[in-house]
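Data first, discussion second: the structure below is written as structure tokens.
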Amino acid sequence: MAEHAVVTAQNITKSFGSLEAVKGISFDVHQKECYGFLGPNGAGKTTAIRMIYCYTPLSSGSLNVFGSDVSRDSRKIKSMVGVVPQNNNLDPDLNVIENLLVYSRYFDIPRDVAEHRARQLLQFLSIDERRKEQVELLSGGMQRRLIIARALINEPKLLILDEPTTGLDPQARHLIWQRLRELKTQGVTMILTTHYMEEAQQLCDRVALMDSGRIVEEGRPQELISRYAGKEVFQVRRIDVKPVLSMLDGLDFTHEIAGDTIFIYSDNSPEIGKRLIGMDNVEVLHRPANLEDVFFRLTGKELVD
Ligand SMILES: Nc1ncnc2c1ncn2[C@@H]1O[C@H](COP(=O)(O)OP(=O)(O)OP(=O)(O)O)[C@@H](O)[C@H]1O
Ligand SMILES: [Mg+2]
């Protein structure tokens, strides 16, 4: 096991019948880092993280969490981990605070301790005023915050979040990001999956890019971006590719084509921009390169379908 590793996965696989959802992936998650799994629908992200929190047994390989084997010590691991599942699974028959208190019983937390923690967590996630309300009356963003509060009730050292902010509006998303950053500074190790490049770039120290059950690349977001996509990208919409490429003749750039769009990657943006602006009938979007570009360059696919 690597030093300071919270999770060590070696060649883990998961099959559902004839479908191999995870095809032998290896990774370490270090103490106090935020590690992200990115990939399109069906890439195997949820399956991979479910194995980490002992929800889905592995088909093969070895997986240790806090030095314990997931197939032998699941009880111990579960007590140290907090989980935010992809789908909201709050109990609709209970109100907000009861959802936390009932959940706390799984961890044998004494009632008075649980009540104190629940109030603190509801305050931390800015939903304490709604504590007596039925969960069905909460907005999607508030339900997500409640699930994060629930995941923290056992004071986990590792927090696993499956698409924590999917479907939320930007304001709700930013509030959750802020709270997750605070947890990180408190020393909580995090693993998350996301489809949002901004989420990964804001929160993750390292990311694994997944496609069809495999990790195609892993690293720090900025390093991956500069290695595979450079600093900036020109997105050029034009029916004919040839005139665009010949206009850039002699310059140092690489390109990809998707539909009617040419993606031009380069560190020599001013000269490229000057030449493209001189062309007729092209729409040009100039933007910083992101992880979406990295994924596209590596797989020829888009991250968000
Ligand atoms: N319990 C299951 N039984 C059968 N097949 C499953 C099961 N869970 C997942 N799969 C299949 O495994 C593959 C990977 O699914 P998974 O949910 O891990 O993907 P994902 O990357 O989380 O996708 P998304 O971004 O849509 O959440 C998919 O083809 C899915 O249909
Ligand atoms: Mg998923």
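Points worth noting:
- Criterion (under 17 Å from LEU192 (Cβ atoms), within 16 Å of ligand 2 (Cβ to nearest atom) and in a strand (DSSP E or B)) met by exactly one of PHE27, PHE37: PHE37
- Of the residues VAL207, VAL294, VAL284, the single one that is in contact with a Leu (Cβ under 6 Å, 6 or more places away or on another chain) and in a helix (DSSP H, G or I) is VAL294.
- Every residue from segment 40-91 that is outside any helix (DSSP H, G or I), more than 16 Å from ligand 2 (Cβ to nearest atom) and among the hydroxyl-bearing types (Ser, Thr, Tyr): SER59, SER60, SER62, SER68, SER71
- Among the candidates ASP205, ASP260, ASP252, the residue that is touching a Lys or Arg at 6+ places or on another chain (Cβ under 6 Å) and away from ligand 2 (no atom under 16 Å from the Cβ) is uniquely ASP260.
- Condition broken by GLY219, with the remaining ones in (1) modelled with pLDDT of 90 or more; (2) not assigned by TED's automatic domain parsing to the domain that holds HIS30; (3) not charged (D, E, K, R) satisfied: (2)
- Residues of segment 1-38 that turn out to be within 26 Å of MET80 (Cβ to Cβ), within 10 Å of ligand 1 (Cβ to nearest atom) and either surrounded by fewer than 18 Cβ atoms within 10 Å (Cβ to Cβ) or not hydrophobic (A, V, I, L, M, F, W, C) (or both), as a count: 1
- Test: residue in segment 162-183 that is part of a loop (DSSP other than H, G, I, E, B), closer than 22 Å to GLU218 by Cα and more than 16 Å from ligand 2 (Cβ to nearest atom): no
- ARG144 falls short on exactly one of the conditions (1) over 23 Å from GLN202 (Cα atoms); (2) charged (D, E, K, R); (3) assigned to a helix (DSSP H, G or I); (4) in contact (Cβ under 8 Å) with a residue 40 or more places away in the chain, and that condition is (1).
- Residue match in segment 215-236 (condition: out of contact with any helix residue (DSSP H, G or I) (no Cβ under 7 Å at 6 or more places or on another chain) and within 14 Å of ligand 1 (Cβ to nearest atom)): yes
- Odd one out for LYS45 among (1) of a type in the set (Lys, Arg); (2) crowded, with 20+ Cβ neighbours inside 10 Å; (3) away from ligand 1 (no atom under 13 Å from the Cβ): (3)
The values are calculated or read from the model by the stated rules, or taken from the named source; none is laboratory data. Worth saying up front: this structure is predicted, and the values here are computed from it rather than measured. Positions of Cβ are generated from backbone atoms using ideal geometry, with glycine treated the same way; all protein chains shown enter the neighbour counts.
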